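Take a look at the structure below.
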Amino acid sequence: MTIEFISEEQREALQEVANIGMGQAGASIAKVLGEFVELSVPQISAVGAAGIPAALAALAGDGIASAVRQAFIGELRGEAIVIFAEHSADDLAALLAYGDALDGPASRELLLDISNVLVGACLGGIAELLRTTIGFSAPSLLADQVASSQLLRADGISARCALLVEVRFGIEKRVFRCHLVMLMPDDAVAALRRALDRFVEEL
């Protein structure tokens, strides 16, 4: 069965619920960091499986990046990937007043913790607004300080499409960038479309 990408109306609805979900994520991260977090409005686009690696690289930008993956299950199921630009862990460590740059294990643990909060709050908020349940696996490191073009290989993708949710949030005088990507199989995309249609009808 061929699943079309979400319509413009569905995309706008998803942006609205994602914006609310990211607001919840920002509040959760603010508690972790002890700082006020300012969020941009999420920018949402969709790409096919063949274009996912290039899309992830474009989000990460030139240079080195890290990524954390976390599965989500339920009517809406798939895999969330959080992409961090180079030195993100060190920037977070500075915000948390850790002092010197973190060593490898501590740096990776910090990225896992922040990703877990971000994915759980954002996707959990989306699921709540769309009146569906969602569960999460433990996060794991997908890539650690690699060239952005090497974040994900095409042969490692089982999803037919990806919904790219580009988010920027600022903390005081620092601007810390991360990107959240949802990879979803056909049946989950169809379920998402139905849920978004229900959401629009009930407005």
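Some notes on this structure:
- Where GLY23 falls short, out of the listed (1) out of contact with any helix residue (DSSP H, G or I) (no Cβ under 9 Å at 6 or more places or on another chain); (2) more than 14 Å from PHE199 (Cα to Cα): (1)
- Scoring VAL68 on the criteria (1) modelled with pLDDT of 80 or more; (2) in a helix (DSSP H, G or I) leaves a single failure, condition (2).
- Top-ranked residue of the range 136-163 - restricted to ones that are surrounded by 14 or more Cβ atoms within 10 Å (Cβ to Cβ) and at pLDDT below 75, ranked as nearest to ILE6 (Cα to Cα): CYS161
- Of everything listed in (1) out of contact with any Pro (no Cβ under 8 Å at 6 or more places or on another chain); (2) crowded, with 16+ Cβ neighbours inside 10 Å; (3) basic (Lys, Arg), the single unmet condition for ARG69 is (1).
- Breaking point among (1) touching a strand residue (DSSP E or B) at 6+ places or on another chain (Cβ under 6 Å); (2) among the β-branched types (Val, Ile, Thr); (3) buried (at least 19 other Cβ atoms within 10 Å of the Cβ), for VAL47: (3)
- Filtered residue count, the range 31-55, keeping only those that are of a type outside the set (Ser, Thr, Tyr) and assigned to a strand (DSSP E or B): 8
- Residue in the range 113-135 that is among the polar types (S, T, N, Q), closer than 24 Å to GLY34 by Cα and modelled with pLDDT of 90 or more present: yes
- Selection within the range 35-50 - out of contact with any Asp or Glu (no Cβ under 7 Å at 6 or more places or on another chain) and touching a residue at least 60 places away in the same chain (Cβ under 8 Å): PHE36, VAL37, GLU38, LEU39, SER40, ILE44, SER45, ALA46, VAL47, GLY48, ALA49, ALA50
The values are calculated or read from the model by the stated rules, or taken from the named source; none is laboratory data. What you are looking at is a predicted structure, and each value in this text was computed from that prediction instead of being measured. Here the Cβ is made from the backbone with ideal geometry for all residues, glycine too, and neighbour counts use every protein chain on show.
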